[in-house]
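Notes for the one structure printed next.
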Amino acid sequence: DAKTTQPPSMDCAEGRAANLPCNHSTISGNEYVYWYRQIHSQGPQYIIHGLKNNETNEMASLIITEDRKSSTLILPHATLRDTAVYYCIVRVARGRALTFGSGTRLQVQP
Amino acid sequence: DAEITQSPRHKITETGRQVTLACHQTWNHNNMFWYRQDLGHGLRLIHYSYGVQDTNKGEVSDGYSVSRSNTEDLPLTLESAASSQTSVYFCASSEFRTGDHEQYFGPGTRLTVT
């Protein structure tokens, strides 16, 4: 699975958009980009995934660059409950376990 | 509602004892995983299973074993607990047939080995 690089921490004001970057310059053509988050001491929670196209769901948007070497997770209106560690993971689909890095600790400020 | 549960949520045991952590999911998922998370670090894969009677070693499998006798359960056994196995343990499951894109995690078991 491709390696990912994320900033260790970020701050965001409540109500503003949170943009979390991820670099995955060695991604292969059949590897997806996944985002999970872990709120303090809870189990990780799936947020979104994508292959080539931008994706949006009720939680977030995922923007993947055309060369697929980087992506950005966007939380459009961050709330205090979005304070968590966010993990960007790259891997093939179907049956593979997840490889977690250190993630980005997002602190949403009131 | 379908869910994934872990028990116990907290466990204190002594060095050398055998300990079993339970994981039960009601989604009928093929895939089940065990991870451990040490303070301030990301999750690391211990063992995983792609179906009944299938088990595979992960990144940090030494000292751990699993067995899969049915779809719903994947118990994790520490054969002889060591202080280095003090950690938070998370179980997860996913469905191969729908692409395995989303893993569902349990609430975790906090294990302390004294």
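For the reader, a short list of remarks on this structure follows.
- Residue that is farthest from A:GLY43 (Cα to Cα) [pool: residues in region B:27-63 that are open to solvent by 50 Å² or more (accessible area, probe 1.4 Å), modelled with pLDDT of 95 or more and not charged (D, E, K, R)]: B:GLN53
- Region B:102-114: number of residues that are farther than 16 Å from B:THR5 by Cβ and either at the interface with chain A (Cβ under 10 Å from one of its Cβ atoms) or in a loop (DSSP other than H, G, I, E, B) (or both): 2
- For A:ILE64, the stated conditions do not hold, so it cannot be described as crowded, with 18+ Cβ neighbours inside 10 Å and under 25 Å from B:TRP34 (Cβ atoms).
- Residue list for region A:29-66, restricted to those being without any contact (Cβ under 8 Å) to a residue 12 or more places away in the chain and among the β-branched types (Val, Ile, Thr): A:THR56, A:ILE63, A:THR65
- Top-ranked residue of region A:73-104 - restricted to ones that are under 15 Å from A:ARG16 (Cβ atoms) and part of a strand (DSSP E or B), ranked as nearest to the other protein chains (Cβ to nearest Cβ): A:LEU73
The values are calculated or read from the model by the stated rules, or taken from the named source; none is laboratory data. Because the structure is a prediction, the values reported are computed rather than measured. Counting neighbours? That spans all protein chains shown, and the Cβs are built from the backbone with ideal geometry, glycine included. The protein model used for the area step is the full one, side chains on, heavy atoms only, and it has no ligands, DNA or RNA in it. Shrake-Rupley method; radii C 1.70, N 1.55, O 1.52, S 1.80 Å.
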